[in-house]
Amino acid sequence: MVVIGGGLGGVSAALAAARLQQRVILIEELDWLGGQLTAQGVPPDEYPWIEQFTASQSYAHFRRCIRDHYRRNYPLTESARHRFCLNPGQGNVSTLCHEPRAAVAVINELLRPFEKAGFLTVLKRHRLVRVDTHGDQIESLAVEELATGKTRQLRARVFIDATETGEVLALADVEHVFGAESQAQTQELHALEVADPFDQQALTWCLAAEYFPGEDHRIGRPEGYERLKTLQLPCWPGPQFSWVLSDFVTHQPRERPLFAGATDEASLYDLWHARRIAWRKNFEPGAYPSDITLANWPQMDYWEKPVIGVPALEREQALQEARQLSLSFFYWMQTDAPRHDGGYGYPGLKLRGDVLGTADGLAKQAYYREGRRIRAEFTVLEQHIGVAARAGLSAAETFHDSVGLGAYRIDLHPSTRGRNTVDIDAYPFQIPLGALLPVRVDNLLPACKNIGTTRITNGAYREHATEWSIGEASGTLAAFAVSRQLAPRAVRADAGLLREFQQLLERQGVVLAWPSFGALTPRLRTGYEFAAR
């Protein structure tokens with residue numbers, strides 16, 4: 001099989017198939033694997049029970065390997081080294097905020113044994129340029145080696161699209177959607193009245209920074225800064241470059257400054273601590289002269305132009321504007337931002353491109369919150385997982401064809417039409433196999449945010465742990481189907497095959513249903529009754 005895209009879903013799919021002794025080729029355009037966790041620079045957003053309950057044992061192993069990598073290779077203090085739930089950055093969004101390079105190293109370590117055994121070939125710095133189809137099958141695809149311009153044609157029994165924006169879907173003319181559906185189409189509470197494919201979530205070009213009070217690390221004024229510093233969403237309480245934001249849930253003005261106190265505190269509710277990826281107090285004195293934080297903040301959300309489904313030149317222009325927005329916000333923080341201690345500007349902020357593998361301080365790739373989504377045999381709707389949409393119920397929909405689990409709020413950032421956020425409660429949910437099956441093409445599977453969700457439910461299914469689980473399900477399904485010379489959709493169509501496949505997933509350490517807990521203490525009348533029982 002061929003996996004196109006080396007993000008978390010692609011890596012997980014390749015690992016799952018290789019573990020089952022299938023031959024896999026993994027294609028990635030960049031020199032880093034890991035997608036949103038590494039090349040896009042976004043520390044994991046994870047559900048609150050991640051340390052006690054992990055829906056995929058392979059993801060739990062991945063997290064343990066990151067902590068072990070720090071213990072082996074970083075100058076941690078003795079206290080940090082022996083901390084069971086080591087959080088290198090002590091960031092607030094996860095119990096495991098870490099530097100992207102650590103995840104890159106761990107991913108390479110996890111893949112290496114399968115490469116040595118001949119089950120896996122990884123082609124980095126290769127770009128997808130063509131997909132050849134015949135009827136309802138993908139026959140081959142062509143990839144270009146960026147360093148030489150050499151083209152390779154790859155044939156396989158099954159292809160897995162793990163690209164960040166669903167590139168295979170477009171090149172192969174696979175039935176898909178992008179942007180926003182209408183209420184008439186989906187009957188979702190938060191869908192738009194009129195469908196709009198170019199109403200797409202803002203993307204963000206992340207950056208890494210450290211801070212040295214009293215020093216001057218100001219960058220040159222970015223192109224377009226004067227316009228961008230007064231840019232304002234129609235639904236925002238003021239300019240985007242401000243510490244006063246529109247609250248994601250209530251849409252009321254809310255102040256979220258860069259610093260709420262000392263930068264080296266363990267945890268404060270401010271921007272600096274949100275996605276801090278290195279806390280200097282976790283390391284030996286002098287190893288880290290400053291904390292390092294990852295900036296993925298509302299002020300950097302680029303919403304002026306869509307990037308999905310537009311001509312290549314328009315897409316490239318939008319991406320360049322997103323880069324300028326992030327650099328402009330950084331410059332604003334250095335020069336014009338109100339300080340928490342009075343005055344304006346934090347010139348001691350310093351870009352750390354080396355942390356992201358770049359020279360300019362920005363991530364290698366934009367953080368895409370949505371892309372193309374397959375038209376699937378089954379589409380996950382807000383009615384299946386949204387709390388408000390399931391009035392009178394106490395859990396998400398139960399799917400008979402569950403192939404994994406996820407948990408995250410329905411979280412949509414401002415849109416390219418100027419619409420405000422949608423940030424609403426969702427129940428912990430299952431991943432239905434039907435959402436992984438295109439309505440027509442027989443030998444293509446999605447492995448990330450390109451599954452059969454709506455724009456609304458994509459907001460819950462797009463995060464790190466869920467993407468890993470989607471990839472693991474697709475890689476395991478591909479291996480299962482190839483070994484039996486079946487089309488993947490045949491597995492869901494046959495109750496016996498479906499159960500056999502689900503049992504295989506369970507043997508691989510995948511949990512298919514959320515646990516249900518009863519009372520935490522026995523409801524007994526007397527101590528004698530307790531003793532008797």
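Before moving on, here are some points about what is shown:
- Verdict on residue 254 being surrounded by fewer than 18 Cβ atoms within 10 Å (Cβ to Cβ), under 21 Å from residue 360 (Cα atoms), over 22 Å from the mean Cα position of the chain (by Cα) and of a type outside the set (Ser, Thr, Tyr): no
- With respect to the conditions (1) surrounded by 18 or more Cβ atoms within 10 Å (Cβ to Cβ); (2) more than 14 Å from residue 456 (Cα to Cα), residue 196 falls short on a single one, namely (2).
- Residue 89 fulfils the conditions (1) small (Gly, Ala, Ser); (2) part of a helix (DSSP H, G or I); (3) in contact (Cβ under 8 Å) with a residue 12 or more places away in the chain except for a single criterion, (2).
- Residue 457 fulfils the conditions (1) buried (at least 23 other Cβ atoms within 10 Å of the Cβ); (2) more than 16 Å from the chain's Cα centre (by Cα) except for a single criterion, (2).
- Residue that is farthest from the chain's Cα centre (by Cα), among those in region 271-307 that are more than 24 Å from residue 415 (Cα to Cα) and among the charged types (D, E, K, R): 284
- Residue 208 being surrounded by fewer than 20 Cβ atoms within 10 Å (Cβ to Cβ), touching a residue at least 60 places away in the same chain (Cβ under 8 Å), within 23 Å of the chain's Cα centre (by Cα) and not in a loop (DSSP other than H, G, I, E, B): no
- Options 186, 250: the member that is of a type in the set (Ser, Thr, Tyr), at pLDDT 95 or above and under 30 Å from residue 10 (Cβ atoms): 186
- Selection status of residue 253, out of contact with any Phe, Trp or Tyr (no Cβ under 7 Å at 6 or more places or on another chain) and either touching a residue at least 40 places away in the same chain (Cβ under 8 Å) or of a type in the set (Asp, Glu) (or both): no
- Qualifying residue in region 329-347 (condition: over 18 Å from residue 214 (Cα atoms) and either touching a Gly at 6+ places or on another chain (Cβ under 7 Å) or not assigned by TED's automatic domain parsing to the domain that holds residue 167 (or both)): yes
Quick grid of which residues meet (1) free of Cβ contacts under 8 Å to residues at least 60 places away in the same chain; (2) part of a loop (DSSP other than H, G, I, E, B):
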| site | (1), (2) |
| --- | --- |
| 123 | no, no |
| 127 | no, no |
| 140 | yes, no |
| 148 | yes, yes |
| 153 | yes, no |
| 160 | no, no |
| 163 | no, yes |
| 173 | yes, yes |
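The values are calculated or read from the model by the stated rules, or taken from the named source; none is laboratory data. On a predicted model such as this, the values are computed, not experimentally measured, just so you know. Positions of Cβ are backbone-derived with ideal geometry, glycine not excepted, and every protein chain shown enters the neighbour counts.
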